[in-house]
Amino acid sequence: MISDVTPASAGNNLDPWYGNYAERTSGLAASEVRALFAVASRPEVVSLAGGMPCVSALPQEVVLDSVARVMREQGPIALQYGSGQGIPALRGQILDVMALEGIQGSVDNVVTATGSQQALDLISKLFLDPGDVVLAESPSYVGALGVFSAYQARVVHVDTDADGLIPEALKQTITRVHNEGRRIKFLYTIPNFHNPAGVTLSATRRPEIVAVCQSNGILILEDNPYGLLHFDEPPPNALQSLDPDGVVYLGTFSKTLAPGFRVGWTLAPHAIREKLILATESAILSPSSFSQLVVSEYLASTDWQAQIDSFRGVYRERKEAMIDALSEFLPHLTWTNPRGGFFVWLSLPDTLDSKQMLPRAVRELVAYTPGTAFYADGRGHQAIRLSFCYPTPDAIRLGVRRLATVINGELELLDTFKGTGPLHVIHREASSALDSAPPTNIK
Ligand code: PMP
């Protein structure tokens, strides 16, 4: 069994400090599937679970050259503390990167961060009091849900479909939350190649979403790690380009270069930017000078757009391998077919439970992330996030084939038990039959 979420402050006889922890640690929870992922990282398991970029597609010597040049030419600066806002040269280059998505910002309003994850944390720290509401897509990025929960905010999910957030659903959700007397601090959204849903907010909906937020005085937190990793057409322009005063935009070099540098950024309206710099200084003094200079040197000395193009080719091939394998091995199910990014969202029949099924999948040497990880309200049992960014196309095919063995095995068994009693009893019987069966894929 997978253990349920365990708050960091949960009673623990071995911890003499239990009782001393701040109340907010009740929102700190170990990932519900962390233990299984330790098993899933064994080499014989095909992991379709993590979101690790394919860094092996980045020529190592190019990175090495940038590191060497930085140390030769700017060593003392690279090894020193820097400004809380980030290195000005890099902030200027970040404007060039964002211009590819229709954003015209000012260098003054860019603040670099230790990955966009830290930017998410600092923006949350600036805005969220306990009990505040954050609106987010349904489903949403697990790492953001963790941050919001650590600040004791309540996430209210807004319905999405194949074209991303539904403007009418957003309107209705805002009205409902306001009628309950609760305060909405921002809408957190991933408009492009969504993690985990794989969908993209359509061009027609973008101004509608912005208008709904404007008319309700709701700030938008636009998180865009995947926008440049499109397989065909680029996505529509960023929400930020439609309302620079109403949108805080988050970007990162983690997917278009490498996550190991931990360099991301925020583009924020002036007043927010001021507070963000203070929050950065108080959290970390300054982001890594070394990492920022290496990224800056890389951008200055290489054809970085050609490198992004080469990443696109790698991920496009892997995405196609996954969609082909799903069509071949699980034709009776439905899934999203992303036009960029890292993730496919697979829907399961109502009779299956992605969280309960995971230990069985790991026994069959395939891992995935159950949909429950991407909801703050207990939903997601009938969905699975499959990532195609890290395994090779052959491994993806093998992984999906193993997953199909598990899913089809469960469906067949449930069919056998059909009509023998209430659904929960059928589940229990079928589960114990499956648990005692030998794995079929250990070859
Ligand atoms: N936002 C989303 C939607 C992500 O998928 C990720 C990485 N998985 C992040 C933010 C954080 O990325 P990083 O801190 O590496 O920039």
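The values are calculated or read from the model by the stated rules, or taken from the named source; none is laboratory data. Just so you know, these numbers come straight off a predicted model, no measurement behind them. With ideal geometry, Cβ positions are generated from the backbone for all residues, glycine too; neighbour counts draw on all protein chains shown. For accessibility, only protein heavy atoms count, side chains too; no ligands or nucleic acids. Shrake-Rupley method; radii C 1.70, N 1.55, O 1.52, S 1.80 Å.
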How many residues are closer than 30 Å to Phe311 by Cα and among the hydroxyl-bearing types (Ser, Thr, Tyr) if we restrict to the range 384-421?
3
So Gly105 passes all but one of these: (1) modelled with pLDDT under 95; (2) closer than 14 Å to Val295 by Cα. Which condition number does it fail?
(2)
For residues that are of a type in the set (Ser, Thr, Tyr) and near the ligand (Cβ under 10 Å from one of its atoms), scanning just the range 238-275, find the one that is nearest to Ala203 (Cα to Cα).
Thr252
I'd like the residue in the range 160-195 that is within 16 Å of the ligand (Cβ to nearest atom) and among the hydrophobic types (A, V, I, L, M, F, W, C) and, out of all such residues, is farthest from Phe343 (Cα to Cα).
Phe186
Residues satisfying the stated conditions in the range 198-209, i.e. open to solvent by 10 Å² or more (accessible area, probe 1.4 Å) and in contact with a helix residue (DSSP H, G or I) (Cβ under 8 Å, 6 or more places away or on another chain):
Arg205, Glu208
What's the number of the condition Ser31 fails, among (1) at pLDDT 90 or above; (2) under 26 Å from Gly251 (Cα atoms); (3) open to solvent by 30 Å² or more (accessible area, probe 1.4 Å)?
(1)
Residue, farthest from the ligand (Cβ to nearest atom), within the range 336-348, restricted to residues that are open to solvent by 40 Å² or more (accessible area, probe 1.4 Å) and farther than 14 Å from Leu403 by Cα:
Asn337
Please go through the range 136-150 and pick out each residue that is open to solvent by 10 Å² or more (accessible area, probe 1.4 Å), outside any helix (DSSP H, G or I) and of a type in the set (Gly, Ala, Ser).
Ser138
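What do you reckon, is Ser354 in contact with a Pro (Cβ under 8 Å, 6 or more places away or on another chain) and either more than 18 Å from Tyr390 (Cβ to Cβ) or small (Gly, Ala, Ser) (or both)?
Spelling it out, Ser354 is indeed in contact with a Pro (Cβ under 8 Å, 6 or more places away or on another chain) and either more than 18 Å from Tyr390 (Cβ to Cβ) or small (Gly, Ala, Ser) (or both).
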Mind checking whether some residue in the range 45-55 is among the hydroxyl-bearing types (Ser, Thr, Tyr), modelled with pLDDT of 90 or more and under 15 Å from Val294 (Cβ atoms)?
no
For Val133, state whether it is farther than 16 Å from Leu221 by Cα and open to solvent by less than 10 Å² (accessible area, probe 1.4 Å).
no
Determine if the range 223-237 includes at least one residue that is assigned by TED's automatic domain parsing to the domain that holds Thr200, within 16 Å of the ligand (Cβ to nearest atom), among the aromatic types (Phe, Trp, Tyr) and over 22 Å from Gly105 (Cα atoms).
no
Under 6 Å between Cβ atoms, which residue pairs at least 6 apart in sequence (or on different chains) link something in the range 200-226 that is among the polar types (S, T, N, Q) with a partner that is open to solvent by less than 40 Å² (accessible area, probe 1.4 Å) and away from the ligand (no atom under 16 Å from the Cβ)?
Gln214/Gly246; Asn216/Ile174
Filter the range 104-130 for residues that are within 16 Å of the ligand (Cβ to nearest atom) and β-branched (Val, Ile, Thr); which is surrounded by the fewest Cβ atoms within 10 Å (Cβ to Cβ)?
Thr114
For the range 61-96, give me each residue that is open to solvent by less than 10 Å² (accessible area, probe 1.4 Å), hydrophobic (A, V, I, L, M, F, W, C) and under 29 Å from the mean Cα position of the chain (by Cα).
Leu90, Ile94
Does at least one position in the range 151-159 carry a residue that is assigned to a helix (DSSP H, G or I) and more than 16 Å from the ligand (Cβ to nearest atom)?
no
